[in-house]
1. Dividing the Cα radius of gyration by the Kirkwood radius, what Rg/Rh value follows for segment 195-242?
2. Quick one: plug the Kirkwood hydrodynamic radius of segment 4-89 (C-alpha pairs) into Stokes-Einstein at 37 °C, 0.692 mPa s, and report D in µm²/s.
3. To the nearest 0.05, how large is the calculated FRET efficiency for residue 321 and residue 291 if R₀ is 30 Å and r is the Cβ-Cβ distance?
4. In 10 Å bins starting at 0, how do the alpha-carbon pair distances of the chain split up by percent?
5. Could you work out how far the C-alpha centroid of segment 72-111 sits from that of segment 266-303, in angstrom?
6. Assuming a viscosity of 1.567 mPa s and a temperature of 4 °C, what translational diffusion coefficient in µm² per second does Stokes-Einstein assign to segment 111-197, Rh being the Kirkwood radius over Cα pairs?
7. For the residue pair residue 314 and residue 329, what label-to-label distance in nm results when each label sits 7 Å from Cα along the Cα-to-beta-carbon direction?
8. Starting from the eigenvalues of the Cα gyration tensor, five times each then square-rooted, give me the equivalent ellipsoid semi-axes of segment 157-304, largest first, whole Å.
């Protein structure tokens, strides 16, 4: 970690300072836990009251606000925070190890310059690896897989055969990429396994979270688009196509042959049935069950998922349903009494 002046940080993110530009910033912290020498941030208006009590020396904001702390005004405070954290802390450092004697690297594999292959890694036949890649202990890379430059595979990540991986891809620990899809033909009560002959393609700048399962396609490839980030414990079915720059929060499940546009966001534990079309920039609230197509830009929630504007109104009624039931019963009794008096 490197100490910086507030002016240096503002110059780095292209922001404006309100207050003392020479304040020394030693660390980054949340508004509640910040102390002197820390810089904090405000990205949600509902936390603005915390500005008055924060002990941070400076706060990153989108516009001027009332606080005793100095302000660093930036167009996008959260992105400015990301830039500052990278500047002061950097990303995880991977210790150079070269190619370990305890790794199993096939003679037919092609390994680019400056790659690091740790103990007990397996690189199978005809694998092609670009430059500056890092393989943590226990990683398995299956035959005929192609890997681009600057990729990282964390401990015990598994990549099956014929997978195509772009540049700057990260596969977190215990993830599985390219295993057989869940494909069976049921005949006379028996389930017969269908060979999965498609591939998995991870485009540039994709990140796959820990313990994810990305199935290869039955006939067509499973594709994760450029820049998409897949959270932990996500399952993506055979032949699904995830567009570029999507965010899939942990525990999402995508069934086979579903197609998703660009910049979609799926909250935690969302389930999506197969063969659906999810439009560009669609948003799905946590724990929703998606059973129909979603239009471009649409937000949905609930199970089954419905348009968010309708869903919110419907869910606000749930807590009142017992009272509604009592009132309906009372009205029915009154109606029965009136009918009996005719």
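Laboratory data are not the source of any read-out in this text; all were calculated from the coordinates shown. In this text the structure is predicted, and so the values were computed from the model without any measurement. Glycine gets a Cβ as well: all are built from the backbone with ideal geometry, and neighbour counts include every protein chain shown.
1. On the way: Rg = 10.1 Å, Rh = 10.5 Å.
My calculation of the ratio gives 0.96.
2. Numbers: Rh = 12.2 Å.
For these conditions, the coefficient is 270 µm²/s.
3. Details: r = 23 Å, r/R0 = 0.77.
Efficiency, rounded to the nearest 0.05: 0.85.
4. Pairs per bin, as whole percents: 6, 19, 20, 23, 18, 8, 4, 2, 1, 0.
5. With segment 72-111 and segment 266-303 each reduced to a Cα centre, they are spaced 32 Å.
6. Values: Rh = 13.7 Å.
Estimated via Stokes-Einstein, D reaches 94 µm²/s.
7. 2.6 nm
8. Details: eigenvalues 98, 78, 35 Å².
Gyration-tensor ellipsoid for segment 157-304: 22, 20, 13 Å.
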